[in-house]
Amino acid sequence: MLNNPAAVDSLKRIAEFNEKEQQLFQKLKQNENLDLDNPKTSSSFTKEQNEAIEQYLSAVGELNRSREDFFSEKPN
């Protein structure tokens, strides 16, 4: 499987998005009013807090798509 360039690319993307997701999650933890298990934007949060939530959710989505890409690759 590691001889498959598409699978290797998927693994690299997984690593990148995993790191980004972890960094953004640490940022979200600074918002004590946020449900970390189900983060959602709110009018009671600042613009920066809502942007951080949106970035986090986007990173999680990209991470999940990268995982799907990897597991859908067929070995040569």
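Every number here is computed from the coordinates shown, using simple stated rules; none is lab data. None of the values given here were measured: they were computed from a predicted structure. Here the Cβ is made from the backbone with ideal geometry for all residues, glycine too, and neighbour counts use every protein chain on show.
Observations
- Within the stretch 1-28, the residues that satisfy the criterion of being touching a residue at least 12 places away in the same chain (Cβ under 8 Å) and more than 24 Å from Phe71 (Cα to Cα) are Leu24, Phe25, Lys27, Leu28.
- Looking across Glu48, Glu62, one residue alone is in contact with a helix residue (DSSP H, G or I) (Cβ under 8 Å, 6 or more places away or on another chain), acidic (Asp, Glu) and assigned to a helix (DSSP H, G or I). It is Glu62.
- Taken across the stretch 40-47, residues that are in contact with a Pro (Cβ under 6 Å, 6 or more places away or on another chain) and surrounded by 13 or more Cβ atoms within 10 Å (Cβ to Cβ) do not occur at all.
- Odd one out for Ser58, checked against (1) of a type outside the set (Phe, Trp, Tyr); (2) loosely packed, with under 10 Cβ neighbours inside 10 Å; (3) closer than 30 Å to Ala6 by Cβ: (2)
- Some residue of the stretch 8-24 being touching a Pro at 6+ places or on another chain (Cβ under 8 Å), assigned to a helix (DSSP H, G or I) and either of a type outside the set (D, E, K, R) or surrounded by fewer than 17 Cβ atoms within 10 Å (Cβ to Cβ) (or both): no
- Considering the conditions (1) under 25 Å from Phe71 (Cβ atoms); (2) assigned to a loop (DSSP other than H, G, I, E, B); (3) not acidic (Asp, Glu), Asn31 is excluded by exactly one of them, (1).
- Reported count of residues in the stretch 34-56, each being closer than 21 Å to Arg67 by Cβ and small (Gly, Ala, Ser), is 0.
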